[in-house]
Protein chains: 2
Amino acid sequence: MKLEDEIKQKQFANNYHRLALNIMFTSSWLETIHGRGLRKYGITTQQYNVLRILRGQSPNAATVGLIQERMLDKNSNASRLIDKLLLKKLVSRKICPEDRRQMDVKITKKGLDLLTELDQFQTEWTNSLKTISEAEAKLVSDLLDKLRG
Amino acid sequence: MKLEDEIKQKQFANNYHRLALNIMFTSSWLETIHGRGLRKYGITTQQYNVLRILRGQSPNAATVGLIQERMLDKNSNASRLIDKLLLKKLVSRKICPEDRRQMDVKITKKGLDLLTELDQFQTEWTNSLKTISEAEAKLVSDLLDKLRG
DNA sequence: TACTTTTGTATGTATATACATATAATTATA
DNA sequence: TATAATTATATGTATATACATACAAAAGTA
C-alpha cells in the first residue's frame, strides 16, 4: 500500500521528504512484525539483536562496547539489555581480567539453543519480504547506504 | 557508508535480510538526526508528527483516533503525546459535543507559530538527504511501498 | 611516582513503545 | 426500553530510547 494511503497524507514537500517518512514508517512496520514473532519466545527485537551479535563472537566473549557498536540502534543501551538477558540466563557476564573496566559477555548454551530455534522463524520472516525481487532488495539497500553518505 | 561497516557485520543471509536491517538502521539514523534538531525547540519527533497532523486539519479539530491512524508509528500512544503537547500549550483538547467519547484536539496559535519556525529546519534536514537524486528517492520510496505489500 | 585525561560501563531521569485492560458513551439488538 | 456489543479514549506496566552524569580503571604526562 502506498505511504499516502497508510498515513492518509495526500502530498509531501518533495521526494526526499516522502522517502524519509517512508523509511521510518516501513521500519516501524518491520519492527512490529518482527517483535510480535519474537514475543512468543520471550525476547524483544533489541534483545534478539544482542544475542545475534554474541553468537557471532561465540565462543569468545564480547565487551559491552563491542555490542553497542554493532547494534542497529546505536543509541540503545547495551548495559541494560544485557541485564535483561542475564535474568533469563541467555548470557553470562563477568569482569574482564585483562582490563577490569570491561565486561566479558558471552551467550550461554540456553541462548544458543534459543537462537537455533529462532533461525527457522527468521528465515520465514525474511521470506515474507519477497514482494520485491532480490535484485530490487539489493538496489534499495545500496541506495540507503548512499543516502546516509 | 555501507551497512556492513556501520554495524561491523561481514555478511547477511540474503539481500532481504540485509534490506530489513538496513531499513531499521537507516530509520534509527534519521530519527536521531531529526530528534537532535527538534530538541532545541523543546519537542520530540513524535510530538512533531502530531503537530503536523493537527496543522493539516486546522482550523478544524482532530480526534485522538484520527491522529493515531495518521501517525508514522501506529503503535504510538496519541493520548499521552497529546498530554505532553497540552502541558506546553501547543494544542487544546475538549470533549466533542456531538460524541462525548471523542476528544476535539486542535493546534493552538503557539503550536502553529512553532511549526512555522520549524519549516525552515525541516527544509534543511530534507535537503541534507540529497546524496541521492530525487529520481532515486522516488524509486526507493516506491519499492518500500511494494515491499510492504 | 603523582597527577591528569581518557576509556568502559553503569545509572538517573524523561520520553516513548507495546500490549492489556478499564471506563464511559454510543449503537445495535432482543 | 432494557441489555448487549461496539467504539473512543485513557491508564497500568514492562521495555526501550536519549541524553547527562557518575565512577572506577587504565593510559598518558610532568
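The values are calculated or read from the model by the stated rules, or taken from the named source; none is laboratory data. Computed from a predicted structure; not experimentally measured. Cβ: placed from backbone, ideal geometry, glycine included. Neighbour counts: every protein chain shown.
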* Please work out which residue is nearest to DNA strand C (Cβ to nearest atom), limiting yourself to the stretch A:9-29 and to residues that are facing another protein chain (nearest Cβ under 8 Å) and among the polar types (S, T, N, Q). => A:SER28
* Structure fact -> Those residues of the stretch A:39-68 that are within 28 Å of B:LEU147 (Cβ to Cβ) and near DNA strand C (Cβ under 9 Å from one of its atoms) come to a total of 3
* So which residues in the stretch A:66-81 are within 13 Å of chain B (Cβ to nearest Cβ) and farther than 17 Å from B:GLN9 by Cβ? -> A:ASN75
* Asked: Has the stretch A:12-35 got any residue that is more than 22 Å from B:ASN22 (Cα to Cα), hydroxyl-bearing (Ser, Thr, Tyr) and at pLDDT 95 or above?
  -> no
* Residue satisfying all of: in the stretch A:71-91; part of a helix (DSSP H, G or I) and charged (D, E, K, R); surrounded by the most Cβ atoms within 10 Å (Cβ to Cβ) among these -> A:LYS84
* So, of the residues in the stretch B:7-36 that are part of a helix (DSSP H, G or I) and touching an Asp or Glu at 6+ places or on another chain (Cβ under 8 Å), which turns out to be nearest to B:SER128 (Cα to Cα)? -> B:SER28
* How many residues does the stretch B:92-149 hold that are surrounded by 16 or more Cβ atoms within 10 Å (Cβ to Cβ), in contact (Cβ under 8 Å) with a residue 60 or more places away in the chain and more than 14 Å from chain A (Cβ to nearest Cβ)? -> 2
* Subset of the stretch A:30-65 (residues that are at the interface with chain B (Cβ under 10 Å from one of its Cβ atoms), surrounded by 19 or more Cβ atoms within 10 Å (Cβ to Cβ) and among the hydrophobic types (A, V, I, L, M, F, W, C)) -> A:LEU30, A:ILE53
* Does the stretch A:79-95 contain any residue that is more than 16 Å from DNA strand C (Cβ to nearest atom) and either among the hydroxyl-bearing types (Ser, Thr, Tyr) or in contact with a Leu (Cβ under 6 Å, 6 or more places away or on another chain) (or both)? -> no
